[in-house]
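Here's the structure we're looking at; comments come further down.
Each value in this text was obtained by applying a stated rule to the coordinates, not by laboratory testing. From a predicted model like this one, the values you see are computed outputs, not experimental measurements. Reconstructed Cβ throughout: ideal geometry from the backbone, glycine too, with neighbour counts over all protein chains shown.
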Amino acid sequence: MPSDFPFLGLLGQLDGLTLALVAVAAFATALFHSVAGFAGALLLSVCLAPLIGVRAVVPVVALAMIISNSNRILLFRTHINWRAYGAIMITGFPGIVFGAVVYLFLSVKAIAFVMGCFLIISIPLRRVFKKRNYNVGYGGLSAVGVVYGVVSGTVFGGGLILGPFLLGAGIVGQGIVGIIAALGLTLNITKTLVFGVGNLLDEEMVALGIIVGVCTIPGGLLGKWIVKRSRVEVHTVIVELLMFAGGCYFIYQGLYLLND
């Protein structure tokens, strides 16, 4: 496991403007997450990486998403299909633990490269999945849960993989937002515990994660209001451009800028 962590003393190094940008990113991505139901953590990691550093992104966002997902569970609790949640988690949970442990042993360059590649690959992958009409039951959700667990344990964006399968199981609209929030809460509590045991979290990172998480709450509330009162569709081209730009940033960091 790498012994040098460039984010030690992270919170004390951030000036007022940077903290304000962190808060805005948390609010905006939480708003998007509640309207679209997916990719909130993925976009938050893209926004925060230039501000707090590549290696700090996953632990800080994982902690922040505990608060964000708890908020969305409360907001969408009546729409959650808990049987589907159990079907995914029964196979996904071991994968989450495995992926998080693997993350502990990755170098900063490897983290940046893996996250960058996943961001870029997920764009055509999402389009391919969206065109297919899956008809799955709870057994099918358990099968895809394995892939979801390993991917989500290492990076963010596993919800993109689940999306078409949840639709195929008849879970739509606010139901998708609710179940992704429930899965995300379990996912990020697990990752945070693994990172804590693996000495990847220090007190200042915990504080920053809590600050980011609290800033997601008003975004989630506004997103819930929008979902209930309109049929707003997030422009996928904008999202994909952000994902592509983020992927290029991570790959550039991994190949050229970062030194272990």
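Values as computed for the structure displayed
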quantity	calculated
For the stretch 137-151, Karplus couplings with θ = phi - 60° (6.51, -1.76, 1.60), whole Hz, Gly/Pro x	x, 5, x, x, 5, 5, 5, 6, x, 4, 5, 4, x, 5, 5
Top of Leu141, Leu19, Leu162 by mean-square fluctuation, Gaussian network on the chain, Cα under 10 Å	Leu19
Qualifying trypsin sites (Lys or Arg not before Pro) in the stretch 76-137, DSSP loop, other Cβ atoms within 10 Å at most 14	Arg132
For the stretch 133-157 versus the stretch 18-32, the gap between their alpha-carbon centres in whole angstrom	28
Inter-site label distance for Leu21 and Ala143 at 7 Å from Cα along Cβ, in nm	4.5
Residues Met243, Met115, Met89, sorted so that the one with the fewest Cβ neighbours within 10 Å comes first	Met89, Met243, Met115
Förster radius 30 Å - calculated FRET efficiency between Asn199 and Val172 (Cβ-Cβ, nearest 0.05)	0.10
Val101-Arg229 FRET efficiency (beta carbon distance; Förster radius 51 Å; 0.05 resolution)	0.75
Degrees between helix 158-168 axis and first principal axis of the chain (Cα, 0 to 90, nearest 10)	0
Highest-fluctuation residue, Phe118, Phe105, Phe27 considered, GNM on the chain with Cα pairs under 10 Å	Phe105
Label-point gap, in nm, between Leu222 and Thr78 - each point 7 angstrom along Cα→Cβ	2.5
Stokes-Einstein D in µm²/s, Kirkwood radius over Cα pairs - the stretch 10-257 at 4 °C with 1.567 mPa s viscosity	73
Expected 222 nm ellipticity per residue - DSSP helices of 4 or more, -39500 (n - 2.57), all of the chain, to 500	-26500 deg cm²/dmol
With Cα atoms, 0 to 90° folded angle of helix 82-104 axis to the chain main axis	20
Likely footprinting exposure, Arg229, Arg55, fewest C-beta neighbours within 10 Å first	Arg229, Arg55
C-alpha long axis of helix 16-36 to longest principal axis of the chain, angle in °	20
Residue order, fewest to most beta carbons within 10 Å, for Val102, Val136	Val102, Val136
